[in-house]
Each structure stands twice: as C-alpha cells, then as structure tokens.
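These notes concern the structure reproduced below.
Here, each number is a calculation from the coordinates, and none is a lab measurement. In this text the structure is predicted, and so the values were computed from the model without any measurement. Glycine also receives a Cβ, built like all others from the backbone with ideal geometry; neighbour counts cover every protein chain displayed.
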Amino acid sequence: MNFSGYDSFADIYDRFWAGDSARRFGPIILERVGTRLKKGARVLDLCCGSGRFTHQLLDQGFDAYGVDNSKELLRLARERGRPERFFLSDVRELNTNVSGFELVICVYDSLNHMLLKEDLRAVFRGVRDVLDPGGLFVFDYNTEAKYRFHWKGQMCFEHDRSFLAVNASTMQMNGMMRAAFDGTLFSKVGELWQREDFALEQRPIGDAEISDLLAELGFAPAEFISLDHDDSGRSLRMLVETRKT
C-alpha cells in the first residue's frame, strides 16, 4: 500500500476532490457529530489530507487535530492555519503525541485504501488506544456498488501550471475486487514540462468485516447510515458510528 502518490498531485487533489467532498458531505457529518459532543471536545481527524475538515471542526469550536501520511497534503493543511495541530504519521501505526480524544473521525473514503484486513485492524486498534472510554468513532467508506458501477473512465484536471490525466478502473485479484487510480501529472517548471506517473488503490469494505473487527477490538455495535446513493438506489458511501466500550 502506497500513499505517496497523493504527494504528486496534492494541490489538484485539494481543489477538485477534497473541496468537493467537504462541500457535499462535511455539513452532514458535522451536524451528526455536533449533536453528540460539546464544543471544546478533543477530536482527531484521521487521514485529514489537506485539512479542510479539520479546519471545519476547529471553526465549530472543537479542539481538533489532524494526522496524515502525505507530507504535501499536510503542507496545505498547515498553510490554512494552526500548523501545530497537524501530525505526520502512518495511520496503521498512529502517533500524534496527543491522546484523550472524545471523537476520532475518518472520512472521504480514506479507509478504502486499507487493502488488507490486517491494515484495517491496525487502524481500528490505534483508534481504540487514543479514544477515551465511551469515545465516539465515526468513519465512512465506499461500497462495492461505488466501484462496480461508477469507478471507471478517464478524467482530466488543470490547475496553475499542472495538468493531470487519470484513469479509474477495477480488477479482480485473488478473488477480491481492487479499484485502481492511475495518474499522469505534467508540471511546467520554467520552460520545461516534467512528467510523473503514480498509482493509488482502494478496495470495497463490507459491513460484516467492519462489524467483526469493531467487536473484536472492543467497540460497541455500529450504526450504518447511507450518505450517498445513485439513481438506482444503490448505496455508494456509508457512514459508520460506534463507541469505545
């Protein structure tokens, strides 16, 4: 599993993906979280990326911190302000130098990058270790329908002095679906254009896998809420809420 691809196109990701997700899903998630926590509660934004959601939490009065494994996305997060609030860490080996969280949140399908069940278990274990007893764990994930019916085709993006071409596709590996995101970035440096190729992967996560891991690691039974669906009524993104027991 390799997250370094996000460093290659951090600015474009922030503008076209993170910004869209923050506008579409951020208010819905904030509304649910806001009814469960008091202002000033300590919150960890896991896989915070460019920090848009972390800053939304800060603006709402929460004692929020962000952690991510991409140096370039964290650069953008810190440029938005409060740089001391952001930590570089592999989320499977969580290290924030801060603990006692009342909420850990992980949104915008970050956990779909956990290609192995053991990776997901490691993330959940780290969350359990930094949460206070009774603390809330909220995360989302893309469903299999998202990849099977909507993860395909080519897209192009232009920003500043960069041009990105991406291809989204799915494949079967050892009987399991994998979703590939292959990109080619062209950046103009002086009078020359530089090319960089990168690849990212995700996989569908099932309700049963999540429920089993949460129970194994001492979380309460989870609530599953559909955040997004297509015209055929298929759920594309699920939100999960649970608590550390």
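Cβ crowding within 10 Å ranks 151, 17 as 17, 151, fewest other Cβ atoms first.
Pulled fully out, how much extra length does the chain show between residue 215 and residue 155, if you take 0.36 nm times their separation in residues and subtract their Cα-Cα distance? The partial results should precede the final answer.
Numbers: separation 60, 0.36 × 60 = 21.60 nm, distance 3.94 nm.
Computed gain between residue 215 and residue 155 is 17.7 nm.
In order along region 44-51, the Karplus-derived 3J(HN,Hα) couplings, from 6.51 cos²θ - 1.76 cosθ + 1.60 at θ = phi - 60°, round to 10, 9, 7, 6, 6, x, 7, x Hz, and Gly and Pro are given as x. Between region 153-218 and region 1-57, the alpha-carbon centres lie 18 Å apart. What you get for the chain, charging only the Cβ of Lys and Arg (+1) and of Asp and Glu (-1), is a dipole of about 380 debye around the Cα centre.
Which residue fluctuates most in the GNM of the chain (Cα springs below 10 Å): 48, 156, 106? Of 48, 156, 106, the most mobile in the Gaussian network model is 156. Of 172, 189, 199, which is farthest along the charge dipole of region 146-202 in the positive direction, counting Lys and Arg as +1 and Asp and Glu as -1 at C-beta? Positive-most Cα among the choices belongs to 172.
Under 5 Å from the amide H of residue 170 lie the amide H atoms of 180, each residue being 5 or more positions distant or on a separate chain, with H modelled from the backbone and absent for Pro and chain starts. Candidates 46, 30, 98 compared by Cα position along the dipole of region 1-102: farthest toward the positive end lies 30, with charges placed on Cβ.
Ordering 105, 12 by the number of other Cβ atoms within 10 Å of each residue's own Cβ, fewest first, gives 12, 105.
Using alpha-carbon pairs under 8 Å, 6+ residues apart, how would you state the relative contact order of the chain in percent? Don't jump to the answer; show the numbers that get you there.
Values: 480 pairs, mean separation 41.8, N = 245.
About 17 percent, as a whole number.
Answer rounded, prolate or oblate for the chain, using the Cα gyration tensor with square roots of eigenvalues a ≥ b ≥ c: rounded when a/c is under 1.5, else prolate when a/b is larger than b/c, else oblate. Here the chain falls in the oblate category. Relative contact order of region 146-202: 26 percent, from C-alpha pairs under 8 Å at least 6 residues apart in sequence. Rg then Dmax, both in Å and based on the Cα atoms of region 146-202: 14.1, 47.
Report the antiparallel proportion of the DSSP beta bridges in the chain as a percent, rounded to a multiple of 5. Display every interim value, and only then the final one.
Numbers: 44 of 60 bridges.
In the chain, approximately 75 percent of DSSP beta bridges are antiparallel ones.
In a simple Cβ point-charge model (Lys, Arg +1; Asp, Glu -1; nothing else charged), region 146-202 has a dipole of about 320 debye relative to its Cα centre.
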